[in-house]
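Have a look at the structure below, then the notes.
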Amino acid sequence: MTGCFYDWPLDEVLTYLRSIGVESVELGTGGYTHPAHCDPAYYLERPERTGDLKRLLADCGMRISALACHGNPVHPDPDRAQVFQRVYADALRLANLLEVDTVVTFSGCPGGCRTDRTPNWVTCPWPDDYARILDYQWNEVLLPYWQQAARRAEEAGVRVAIELHPGFCVYNPETMLRLRAAVGPAVGANFDPSHLFWQGIDPAAAVRALGECIYHVHAKDTRVDPWNTGRTGVLDTKPYWKIQDRSWVFRTVGYGHGEQVWRDLLSELRLAGYDRAVSIEHEDGLMQVREGLEKAVAFLKPILIAGDGKGRGCV
């Protein structure tokens with residue numbers, strides 16, 4: 001994900017990433033994701049400009065794994081929802097122009113009722129108010145929106161990879177599969193294990209549950225602090241920069257979980273038929289961007305599986 005280099009020109013970003021062994025990039029197009037390197041307005045205004053981007057990528061030996069437009073398209077504030085929906089629509093159009101088949105985003109989270117103006121993420125079924133909120137969110141807002149949004153993706157020839165992320169309605173395999181069952185295969189998962197680790201979910205087991213509906217993968221780790229978690233639990237609203245005080249924090253790959261955990265995860269991805277990019281997302285508060293990325297690449301390169309997953313064993 002190139003957003004961490006938002007203040008670098010794209011040609012410098014691509015040259016640097018290629019030099020450390022990166023082969024593809026995930027470009028942000030707006031929403032919560034910085035559009036510095038792929039602003040849809042620039043390309044949609046004059047579609048012929050996409051040729052320049054394709055040539056730059058080819059010259060650097062790189063390709064685009066996905067366009068990222070993370071946002072909350074069902075935000076209860078209609079003005080904010082409209083902005084996120086426009087970003088999503090523009091990302092679909094641009095993906096079609098660039099011949100990129102995957103757009104990454106969030107499911108979104110509505111309010112608790114029609115008069116709310118802020119999202120309401122429900123984490124328990126009782127008192128009964130919460131069950132009624134979930135019914136409203138899924139049946140009156142989320143599913144109607146995504147049934148239409150999935151059709152738009154199909155029309156653009158693009159798959160939508162929804163990142164499983166707490167704070168939004170789709171945050172684990174169960175909610176991902178529920179949405180997909182309702183809206184169809186245009187919608188799948190962007191699998192980021194960092195959001196699963198702290199929920200107590202085994203990422204390898206989650207891959208097995210999701211299977212063929214994994215459309216894109218993020219490589220980001222999480223360190224769960226046993227002392228803070230034992231004292232306060234995993235639901236933690238303290239700022240991310242209070243690293244010593246939090247129950248968990250995002251870390252560079254390998255600094256939250258060891259190599260065997262990642263070997264198991266990558267093996268399950270191959271068994272599930274996933275043979276696409278593993279997109280490194282840097283959000284480690286203890287490391288500068290270049291240090292974090294270079295350590296993540298060095299950690300992942302030796303354990304990535306390049307085969308077709310159809311080994312026949314030894315004779």
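Would you confirm, using the coordinates I've provided, whether Arg208 is farther than 22 Å from Arg276 by Cβ and either at pLDDT 95 or above or hydrophobic (A, V, I, L, M, F, W, C) (or both)? Don't jump to the end; show me each part of the working.
Numbers: farther than 22 Å from Arg276 by Cβ: no; either at pLDDT 95 or above or hydrophobic (A, V, I, L, M, F, W, C) (or both): yes.
Here the answer is no, as Arg208 does not meet what is asked.
For the stretch 230-262, give me each residue that is surrounded by 15 or more Cβ atoms within 10 Å (Cβ to Cβ) and in a helix (DSSP H, G or I).
Correct list: Val261, Trp262.
Of the conditions (1) within 23 Å of Val278 (Cβ to Cβ); (2) of a type in the set (A, V, I, L, M, F, W, C); (3) in contact with a strand residue (DSSP E or B) (Cβ under 8 Å, 6 or more places away or on another chain), Leu179 clears all except one; give me its number.
(1)
Yes or no, residue by residue, for (1) of a type in the set (Ser, Thr, Tyr); (2) assigned to a loop (DSSP other than H, G, I, E, B); (3) in contact (Cβ under 8 Å) with a residue 12 or more places away in the chain:
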{"residue": "Cys4", "(1), (2), (3)": "no, no, yes"}
{"residue": "Val13", "(1), (2), (3)": "no, no, yes"}
{"residue": "Leu27", "(1), (2), (3)": "no, no, yes"}
{"residue": "Tyr42", "(1), (2), (3)": "yes, no, no"}
{"residue": "Arg49", "(1), (2), (3)": "no, no, no"}
{"residue": "Lys54", "(1), (2), (3)": "no, no, yes"}
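Filter the stretch 223-270 down to the residues that are of a type in the set (A, V, I, L, M) and touching a residue at least 60 places away in the same chain (Cβ under 8 Å) and list them by number.
Correct list: Leu235, Leu265, Leu269.
Could you tell me how many of the residues in the stretch 57-76 are under 17 Å from Ala95 (Cβ atoms) and out of contact with any strand residue (DSSP E or B) (no Cβ under 7 Å at 6 or more places or on another chain)? So that I can check it myself, show each step before the final result.
Here is the first cut: in the stretch 57-76, the residues under 17 Å from Ala95 (Cβ atoms) are 57, 62-71, 73.
Then keep just the ones that are out of contact with any strand residue (DSSP E or B) (no Cβ under 7 Å at 6 or more places or on another chain); that gives 73.
Residues meeting the conditions: 1.
Conditions: (1) crowded, with 20+ Cβ neighbours inside 10 Å; (2) farther than 23 Å from Thr175 by Cβ; (3) of a type in the set (Phe, Trp, Tyr). Trp227 meets all but one. Number of the miss?
Every listed condition holds for Trp227 apart from (1).
I want to confirm something. Restricting to the stretch 9-40 and keeping residues that are among the aliphatic types (A, V, I, L, M) and over 19 Å from Val158 (Cα atoms), which single residue is surrounded by the fewest Cβ atoms within 10 Å (Cβ to Cβ)? Quick ask: steps written out before the conclusion?
From the stretch 9-40, those among the aliphatic types (A, V, I, L, M) are 10, 13-14, 17, 20, 22, 25, 27, 36; that's our starting set.
Right, trim to over 19 Å from Val158 (Cα atoms) and you get 10, 13-14, 17, 20, 22, 36.
On the way: Leu10: 18, Val13: 21, Leu14: 22, Leu17: 20, Ile20: 13, Val22: 22, Ala36: 17.
Step by step, filter the stretch 9-40, then rank; the result is Ile20.
Out of the stretch 162-177, which residues are of a type in the set (S, T, N, Q) and assigned to a helix (DSSP H, G or I)? Walk me through how you get there before you give the answer.
Going through the stretch 162-177, the residues of a type in the set (S, T, N, Q) turn out to be 172, 175.
Across the stretch 162-177, the qualifying residue is only Thr175.
Yes/no per residue for (1) touching a residue at least 40 places away in the same chain (Cβ under 8 Å); (2) surrounded by 22 or more Cβ atoms within 10 Å (Cβ to Cβ); (3) touching a Ser or Thr at 6+ places or on another chain (Cβ under 6 Å); (4) not in a helix (DSSP H, G or I):
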{"position": "Tyr136", "(1), (2), (3), (4)": "no, no, no, no"}
{"position": "Leu143", "(1), (2), (3), (4)": "yes, no, no, no"}
{"position": "Gln148", "(1), (2), (3), (4)": "no, no, no, no"}
{"position": "Glu154", "(1), (2), (3), (4)": "no, no, no, no"}
{"position": "Val160", "(1), (2), (3), (4)": "yes, yes, no, yes"}
{"position": "Gln199", "(1), (2), (3), (4)": "no, no, no, yes"}
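Which residue is farthest from Gly112 (Cα to Cα), if the candidates are limited to the stretch 123-147 and must be aliphatic (A, V, I, L, M) and in contact with a Leu (Cβ under 9 Å, 6 or more places away or on another chain)?
Filtering the stretch 123-147 for residues aliphatic (A, V, I, L, M) gives 131, 133-134, 141-143.
Filter again for in contact with a Leu (Cβ under 9 Å, 6 or more places away or on another chain), leaving 142-143.
On the way: Leu142: 12, Leu143: 15 Å.
For the stretch 123-147, the residue satisfying everything is Leu143.
The values are calculated or read from the model by the stated rules, or taken from the named source; none is laboratory data. No experiment lies behind these values; they were computed from the predicted model shown. With ideal geometry, Cβ positions are generated from the backbone for all residues, glycine too; neighbour counts draw on all protein chains shown.
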